[in-house]
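Let me begin by presenting the structure, written as C-alpha cells, before commenting on it.
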Amino acid sequence: FLDECGPTQHLIGNVLVEVVGDIATSRSYVSDMHVGTGSKAHLNFFTLGDYHDSWTRIDGRWRMTHRTKHSHASQGSIEVLGAGPSGWRS
C-alpha cells in the first residue's frame, strides 16, 4: 500500500535486543514520515511509536519472524498511505 505514497522515511533508534539461543526479541523507537504524491501531494502523515520484533536464527542468519508496531501519536492524513490491504486499518 505504500506504492500509492510518495517519499517515506522510518527512523529507528534506541534498539534493545535480547538473545536466548537462536531466538531473539527487540524493541525500538520509530518515527516515520510519509509524503503524498500526485493528487495527494498536499498531504503528509507522521507517526511516533515503537516496534516489538521477534527474530529466529536460521542457518546462521537472523530473520525477522514477527513485527508489531505500537503507535503513540500521529499527525496528518492517513489517506496519504492509500487503501492498503483489506482490513489493515481495523
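The values are calculated or read from the model by the stated rules, or taken from the named source; none is laboratory data. Small disclaimer: the values here were computed from a predicted structure and weren't measured. Here Cβ is always computed from backbone atoms with ideal geometry, including for glycine, and neighbour counts include all displayed protein chains.
May I ask you to list the residues in the stretch 37-65 that are aromatic (Phe, Trp, Tyr) and within 17 Å of Ser77 (Cα to Cα)? Steps first, answer last, please.
To start, the set of residues in the stretch 37-65 that are aromatic (Phe, Trp, Tyr) comprises 45-46, 51, 55, 62.
Once the filter is applied, which keeps residues that are aromatic (Phe, Trp, Tyr) and within 17 Å of Ser77 (Cα to Cα), the stretch 37-65 yields Phe45, Phe46.
Go through the stretch 20-44 and count every residue that is of a type in the set (Ser, Thr, Tyr) and at pLDDT below 95.
Here is the first cut: in the stretch 20-44, the ones of a type in the set (Ser, Thr, Tyr) are 25-26, 28-29, 31, 37, 39.
Keeping just the survivors that are at pLDDT below 95 gives 37, 39.
Selection size over the stretch 20-44: 2.
When Thr8 is evaluated against the numbered criteria (1) under 11 Å from Leu81 (Cβ atoms); (2) at pLDDT 95 or above, which criterion, by number, is the only one it fails?
(2)
Only one of Thr56, Thr47 is modelled with pLDDT of 95 or more, assigned to a strand (DSSP E or B), of a type in the set (S, T, N, Q) and more than 17 Å from the chain's Cα centre (by Cα); which?
Going through Thr56, Thr47 in turn, the sole match is Thr56.
Could you list all residues from the stretch 47-70 that are in contact with a His (Cβ under 6 Å, 6 or more places away or on another chain) and of a type in the set (Asp, Glu)?
The one that is in contact with a His (Cβ under 6 Å, 6 or more places away or on another chain) and of a type in the set (Asp, Glu): Asp50.
In this structure, is His34 within 21 Å of Ser74 (Cα to Cα), in contact with a Phe, Trp or Tyr (Cβ under 7 Å, 6 or more places away or on another chain) and touching a residue at least 12 places away in the same chain (Cβ under 8 Å)? Write out each step before concluding.
Details: within 21 Å of Ser74 (Cα to Cα): yes; in contact with a Phe, Trp or Tyr (Cβ under 7 Å, 6 or more places away or on another chain): yes; touching a residue at least 12 places away in the same chain (Cβ under 8 Å): yes.
In short, yes.
May I ask you to list the residues in the stretch 5-62 that are acidic (Asp, Glu) and surrounded by 13 or more Cβ atoms within 10 Å (Cβ to Cβ)? Walk me through how you get there before you give the answer.
Narrowing the stretch 5-62 to residues acidic (Asp, Glu): 18, 22, 32, 50, 53, 59.
Once the filter is applied, which keeps residues that are acidic (Asp, Glu) and surrounded by 13 or more Cβ atoms within 10 Å (Cβ to Cβ), the stretch 5-62 yields Asp32, Asp50, Asp53.
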